[in-house]
Amino acid sequence: MSVAGVLLAAGGGRRFGMPKALVRHRGRLFVEHAAGVLHEGGCAPVVVVLGAAADEVRGTAELPGSSLVDNPEWTTGMGSSLRVGLAALGDSDAVAALVLPVDTPGVTAAAVRRFVDLAAPDALARATYHGRPGHPVLIGRDRWADVAESARGDAGARTYLAAHHPLDVPCEDAAAGEDVDRPEDLPG
């Protein structure tokens, strides 16, 4: 029973000033760190959805064991990347997908493992940090079509999650869930 990782790394990083997949922090690119966390946490396969600067990410990032897919509609927001990532898993034997945006460098393999242990075809769970929802988000295979249908703009799976009451999984003891939107948001 495998759990796939879906890394959303297509955005242009308008507020950051560059695509966040290419942000270097603590000696690694964000995309390398996030893919590594998914692999180390037990996800297989790991699909990395690219868009802005896709060729540069391919030429620069070291992403062994990851499948890279392009989102030609990346400018429409995270929803299209989520749809592309879930579609890329169609032939896999994964029972669930663990979705992680590239701009959450505080998420750890320990947090990912909590979700791998919850995987089931009907699973729906999200990380919380001090009671606030965050990432990663676990989506069981039976829910992929409905999640993809509802994923629009920058909301990703937010609308679906609001309507279907996911299991909240506290992760503040194992990770930090803040998104990095601007250079000043980078953890020390």
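Some values worked out for this structure:
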{"quantity": "Number of the exception - ALA123 against (1) exposed (fewer than 15 other Cβ atoms within 10 Å of the Cβ); (2) over 25 Å from GLY11 (Cβ atoms)", "calculated": "(1)"}
{"quantity": "Test: residue in the stretch 147-163 that is without any contact (Cβ under 8 Å) to a residue 60 or more places away in the chain, under 21 Å from ALA88 (Cβ atoms), in contact with a Leu (Cβ under 7 Å, 6 or more places away or on another chain) and not polar (S, T, N, Q)", "calculated": "no"}
{"quantity": "In the stretch 39-85, the residues that are of a type in the set (A, V, I, L, M) and at positive phi", "calculated": "ALA53"}
{"quantity": "Search result, residues across the stretch 6-43 that are part of a loop (DSSP other than H, G, I, E, B), crowded, with 22+ Cβ neighbours inside 10 Å and in contact (Cβ under 8 Å) with a residue 40 or more places away in the chain", "calculated": "ALA10, GLY11, GLY41, CYS43"}
{"quantity": "Matching entry among VAL95, VAL84 (being more than 15 Å from the chain's Cα centre (by Cα), over 26 Å from LEU186 (Cβ atoms) and buried (at least 17 other Cβ atoms within 10 Å of the Cβ))", "calculated": "VAL95"}
{"quantity": "Residues satisfying the stated conditions in the stretch 152-188, i.e. among the basic types (Lys, Arg) and either loosely packed, with under 12 Cβ neighbours inside 10 Å or within 16 Å of THR104 (Cα to Cα) (or both)", "calculated": "ARG182"}
{"quantity": "Test set (1) buried (at least 20 other Cβ atoms within 10 Å of the Cβ); (2) more than 13 Å from the chain's Cα centre (by Cα); (3) closer than 28 Å to PRO72 by Cβ; (4) hydrophobic (A, V, I, L, M, F, W, C) - ALA148 fails condition number", "calculated": "(1)"}
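Here, each number is a calculation from the coordinates, and none is a lab measurement. Treat the numbers as computed from the prediction; the structure is a model and nothing was measured. Cβ: placed from backbone, ideal geometry, glycine included. Neighbour counts: every protein chain shown.
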